[in-house]
1. Between A:Arg53 and B:Asp86, what is the label-to-label distance in nm when each label sits 7 Å out along the Cα-to-Cβ direction?
2. At 1.4 Å probe radius, can you tell me the per residue accessible area of the stretch A:118-254 in Å²?
3. When the accessible area of the stretch A:79-133 is computed with all protein chains present and a 1.4 Å probe, what percentage of it is carbon and sulfur?
4. Given a Förster distance of 35 angstrom, what is the FRET efficiency for A:Leu213 paired with A:Glu289, based on the Cβ-Cβ distance and rounded to 0.05?
5. Can you compute the radius of gyration and Dmax for the stretch A:97-231, using only the Cα atoms, both in Å?
6. Determine the distance separating the Cα centre of the stretch A:264-329 from the Cα centre of the stretch B:1-75; give it in Å without decimals.
7. Could you pull the accessible area for A:Ser54 with a 1.4 Å probe, rounded to 10 Å²?
8. So what's the net charge close to A:Met75: Lys and Arg +1, Asp and Glu -1, counting the other residues with Cβ under 10 Å from its Cβ?
Amino acid sequence: MTHSRDYAFGVDALARVEGEGGFRVVVRDGAVSEVALDIFEPPRFFEALLVGRSYREAPDITARICGICPVAYQMSSCAAMESALDIVPSRQVVDLRRLLYCGEWLQSHALHVYLLHAPDFFGYEDAVQLAAHDKPVVERGLALKKTGNKIMGTVGGRAVHPVNVRVGGFYKAPSPFEISALAEPLRRALDASLATVEWVAGFDFPDVTGDYLFVALRDEGRYPIEGGRVVSSGGLDCTPAEFADAVVEEHVARSTALHARLFGQKPYLTGPLARYALNAGALTPLAAEAARRAQLEVPCRNPFRSIVVRAVEMVFACEEALRLVESYEPPEPPAADMPDPEGNGAGATPGAERAGAERAGAERAGAGVTEAPRGVLLHEYNVGPDGLIRHARIVPPTSQNQLTIEADLRRVAEAGLELPPEELTKRAEVAVRNHDPCISCAAHFLDLTLERAP
Amino acid sequence: MPPLVVVAGIGNPMRHDDGAGLLVAERAAELEVQGQAPVAIALAPPVGDPLDLLWSWDGAEAAVIADATRSGSAPGTLSFAWIARDGECQAVLSTKAPTSHGFGVAGAYRVARAVGRGPRQLAVVGIEGLDFSQGEGLTAPVAAAVPAAARLLLHVAGRVANHTSTERWHLGQGFHDVRAPRTDPMEARGRKKYR
């Protein structure tokens with residue numbers, strides 16, 4: 001096939017909604033001159049909506065930002081509010097949150113591994129073709145996703161936009177009976193996720209190495225989910241509040257997206273590759289063993305092998321969830337009491353009906369960071385003495401990864417300039433998919449456009 | 001006794017008119033409680049990720065979806081299309097690859113059928129939206145069309161439940177029967193911008 005030396009190609013991320021774009025690579029004089037990824041719409045509406053609302057509403061409002069990972073938004077929101085208001089949730093609350101979050105990791109990773117990413121490695125158009133060739137495999141993926149949904153339904157009240165989460169804990173603690181009913185599906189899911197690691201480890205991976213600066217949480221020897229310090233492969237080790245100061249987002253003229261940099265300089269990568277690189281030693285035993293058998297190196301810098309890391313994290317999520325199910329004690333009370341900001345004794349407002357902030361004189365600020373399935377999710381709030389939100393800032397993983405994904409795209413485009421544009425377009429789409437970017441919920445990769453520059 | 005029809009609304013209530021499908025499904029369920037439905041329906045939990053329809057569809061022979069459309073028609077315009085008849089996907093469905101982040105209704109149905117799930121009869125009732133930007137509340141013309149959309153949905157549910165593949169449909173005055181539309185409403189609403 002012949003093609004001119006000047007051309008552009010891209011994929012329009014066809015959206016259910018306004019605001020999303022796609023990616024575009026422009027080739028001039030046989031060299032890549034421009035790479036632009038425009039798939040992410042920052043949650044500015046939600047940030048604006050939060051201002052003037054009660055701090056109590058933040059978890060439920062922000063859960064609406066994403067249909068795939070509502071728990072992540074709730075958890076970062078709670079973490080930030082609790083930091084602002086000096087609320088310390090009980091160990092039982094933290095454990096129950098971790099269990100809920102394991103459900104979200106499981107359903108999100110199962111969706112991405114089986115239905116979105118795996119077809120790329122077989123050259124299939126989609127999961128339907130994969131199912132036509134290997135129905136049991138797709139059924140296994142769906143069963144894993146269903147187990148994740150079941151955890152979210154049991155702990156969160158429902159699987160879609162869980163309603164049981166509040167600042168300080170939960171509205172209602174699930175009964176031990178309800179939680180113990182999760183054990184059997186989780187044992188099956190553990191077997192299925194171990195089989196998943198074995199399956200994806202056998203895929204053919206292009207030999208690609210990304211020069212990534214990894215950023216993830218680190219949580220006192222546990223694999224990080226709902227909290228911890230923010231660390232990087234470049235030596236960063238800071239609190240969520242310090243991280244909030246370090247992350248600088250800049251507007252880019254050609255897109256509506258914000259590009260995040262650390263201290264305004266370095267692009268970085270967050271998500272499974274980063275979590276694994278910085279926390280592999282903290283994996284649960286079966287997950288660690290599965291990673292070893294899959295010959296997953298630490299750190300893994302091949303973005304295509306992120307599918308193996310996700311599979312290993314599914315094993316971890318099942319193991320960890322099983323541990324939490326087996327040791328479950330209902331938090332009593334289900335949510336922490338709000339402290340008295342004037343020092344009149346902790347728990348002075350039983351039932352957590354009144355915020356300490358309501359009687360405090362000054363504005364309180366807090367930042368919270370948790371590990372969403374696709375990377376660190378930062379929330380930052382200022383709360384006034386009346387308990388109303390004065391300022392809200394939300395930095396999702398995809399806006400942090402945007403520059404790094406563009407760098408991957410450029411690498412793929414430069415390595416494949418001799419390929420027919422159609423083939424190169426496919427490779428570029430896979431390069432984007434490696435990082436499972438969030439396209440503001442429910443945007444579609446439907447139309448492929450190939451333009452030759454005039 | 002006629003079979004139970006699973007009714008699901010799809011959309012995001014924080015995206016203005018994108019939430020219309022959810023309200024249509026809820027309104028239809030209210031009308032059913034008032035005895036105004038030709039067939040028993042089961043209202044599925046609100047759906048953000050269409051793939052979650054797989055669990056709502058479990059065991060159902062027939063299902064109807066309510067969803068906002070973006071085809072360029074006047075806001076509030078109602079439409080109807082088959083997604084599947086007798087277990088066969090209709091030509092109106094997109095055959096393109098799914099998204100990088102989730103599935104559309106069509107993709108979810110095709111995955112469901114590929115693993116032997118999903119209702120044999122599946123139809124969608126569309127309600128044309130105007131504003132899909134981030135924010136709460138429907139625009140006035142779309143909100144005004146919700147009750148009619150709910151009645152259309154129940155009518156379609158009755159027909160879907162008793163469907164035979166040769167049956168002619170009579171949707172009544174004012175409704176468009178778009179059994180062979182040029183575009184899938186699911187897809188059309190997103191395509192407008194990029195066409």
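The values are calculated or read from the model by the stated rules, or taken from the named source; none is laboratory data. In this text, all values refer to a predicted model and were calculated from it rather than measured experimentally. Every residue, glycine as well, gets a Cβ built from its backbone with ideal geometry; the counts of neighbours run over all protein chains shown. To get the accessible areas, we keep the full protein, side chains included, count just its heavy atoms, and leave off ligands, DNA and RNA. Shrake-Rupley method; radii C 1.70, N 1.55, O 1.52, S 1.80 Å.
1. Result: 4.9 nm between the two label points.
2. Values: 5990 Å² over 137 residues.
On a per-residue basis, the stretch A:118-254 sits at 44 Å².
3. Numbers: 710 of 1420 Å².
Summing carbon and sulfur atoms, their accessible area is 50 percent of the total for the stretch A:79-133.
4. Working: r = 29 Å, r/R0 = 0.82.
After rounding, the FRET efficiency stands at 0.75.
5. Cα radius of gyration and Dmax of the stretch A:97-231 are 17.3, 49 Å respectively.
6. 38
7. Here the residue's solvent-accessible area equals roughly 20 Å².
8. Details: positive: A:Arg97, A:Arg98; negative: A:Glu104, A:Glu226, A:Glu371.
Net local charge, A:Met75 excluded: -1.
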